[in-house]
Structure formats: structure tokens, C-alpha cells
1. From Asp100, Asp63, Asp127, which residue is under 21 Å from Lys184 (Cα atoms) and either modelled with pLDDT of 95 or more or crowded, with 19+ Cβ neighbours inside 10 Å (or both)?
2. Looking at Gly52, Gly45, which one is modelled with pLDDT under 95 and under 22 Å from Val150 (Cα atoms)?
3. When the residues of the stretch 66-86 are filtered to those that are buried (at least 16 other Cβ atoms within 10 Å of the Cβ) and not hydrophobic (A, V, I, L, M, F, W, C), which remaining residue is farthest from Lys191 (Cα to Cα)?
4. Restricting to strands (runs of 3 or more DSSP E) lying wholly in the stretch 63-171: which have 2 or more residues that are in contact with a strand residue (DSSP E or B) (Cβ under 9 Å, 6 or more places away or on another chain) and within 14 Å of Ile42 (Cβ to Cβ)?
5. Identify all residues within the stretch 1-35 that are of a type in the set (Ser, Thr, Tyr) and within 24 Å of Ile133 (Cα to Cα); write none if there are none.
6. Take the residues in the stretch 179-190 that are open to solvent by less than 10 Å² (accessible area, probe 1.4 Å) and either without any contact (Cβ under 8 Å) to a residue 60 or more places away in the chain or not aliphatic (A, V, I, L, M) (or both), then tell me which one is nearest to Ile68 (Cα to Cα).
7. What number goes with the only condition from (1) hydrophobic (A, V, I, L, M, F, W, C); (2) open to solvent by less than 10 Å² (accessible area, probe 1.4 Å); (3) at pLDDT 90 or above that Ile141 does not pass?
8. Filtering the stretch 1-25 down to residues that are among the small types (Gly, Ala, Ser) and open to solvent by 20 Å² or more (accessible area, probe 1.4 Å), which residue is modelled with the highest pLDDT?
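The values are calculated or read from the model by the stated rules, or taken from the named source; none is laboratory data. On a predicted model such as this, the values are computed, not experimentally measured, just so you know. Counting neighbours? That spans all protein chains shown, and the Cβs are built from the backbone with ideal geometry, glycine included. Surface accessibility is based on the protein's heavy atoms, side chains included, excluding ligands, DNA and RNA. Shrake-Rupley method; radii C 1.70, N 1.55, O 1.52, S 1.80 Å.
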Amino acid sequence: MVIGVLAMQGAYEEHINILQDLDVSPVEIRNKNDLQNIDGIIIPGGESTTMGKLIRTLDIYDDLKEKIESGMPVWGTCAGMILLAKSICNDDTVHLGTMDIEVKRNAYGRQLGSFNTKSKVKDIGEDIEMVFIRAPYIENIDDNVEVLSVVDNNIVAAKENNMLVTSFHPELTSDYRVHKYFLKMVENNRKA
């Protein structure tokens, strides 16, 4: 199994380290050739506006969007969630726009609004460690989106077909359960 990690900006090294710990081959996605021969992709946290511009500037946008729309499993954490969302509250910007969610950027405020908690994530487990850093949350979902976790009455994890999103950063913890869940999605897609 080969998992691509968008490696332009943000917390991509932490995802790569966890994938290696789980005996999965990671590939750093820096250009469209890197999108070849991967089984799934992680879009990490970082700065969504910068990442959105870079995937266009580096000519990755069309191929990445096509792979996601064709069913390749993708997991967006924090900024990755924003890139996948079909709409952003109070913002006309749409990046990849593949997932039927509306997100609120920096929903918990600036850096001082960052926090850690533990909560349940459906189909993954109890007491999942959650690190929120200038995190978004999901404001609205379409009927085809499954809510996986709610914290303080806000949707912080969801799934739609081949797409998984989390507001929080599992890659900044020693709890690999969300990564294992995504890898199971990839494995199931490979078998299909």
C-alpha cells in the first residue's frame, strides 16, 4: 500500500512518520507525477489558502481532483478539510470542492483558541485524542455525509464515500487509530 501525503506546507512530516510506523509506504506529493501509483492521499493541516494556491501553481489541482472524484480514498485534516469542502462560511473560495460539507475556518479562534480534548469517533473508538489548532469545524452537511464525531455541538469528523475529514490533528498524537481507520478505507477500496 502506498499513501501520498500532500507535502507542500503544514504537518505532512508527522503523517509520513506515522505511516512508516504502520509499515505503509508514504510518498511526498510535490508535483503531479507524484500522484501516480498511490492508493490513497492525505491532505494535512497547514494554511488552506496557501495550499489551495500551491496545488494550482504546481499543476496538481486537476489530477488530484479527478483522482478523488474517481473514488481514491482521501483524508483531509484541518486545512485538508477546508480544501475538500464544497463551501466555506462567509467565503466564496472553493478549493477542490469534492465533499458535500460547509466548513467554518478558524472556528475556534486564533492560536489562543487551540485546545486538546478526548472524544468518541464513530467506528473508530472512545477517547480519541484530539488536538485542535486554529481548527475549522463543519457547519452544514448534505444527507450523504456521515457525522463521525461532535465536540461542543460542532461536527469535527465526517465521512462521505471515499472522503474522510477531521478538524483535529491525529498526526500530533501517539494514537494511531484514525490513521488505521483511513488505511482500512484504502484497503477496502483496493479490494473493490
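1. Residue meeting the stated conditions: Asp127.
2. Criteria check complete, one pass: Gly45.
3. Lys86
4. Of the strands (runs of 3 or more DSSP E) lying wholly inside the stretch 63-171, those with at least 2 residues that are in contact with a strand residue (DSSP E or B) (Cβ under 9 Å, 6 or more places away or on another chain) and within 14 Å of Ile42 (Cβ to Cβ) span 74-77, 163-166.
5. Of everything in the stretch 1-35, just one residue is of a type in the set (Ser, Thr, Tyr) and within 24 Å of Ile133 (Cα to Cα), namely Tyr12.
6. Result: Phe182.
7. The failed condition is (2).
8. Ser25
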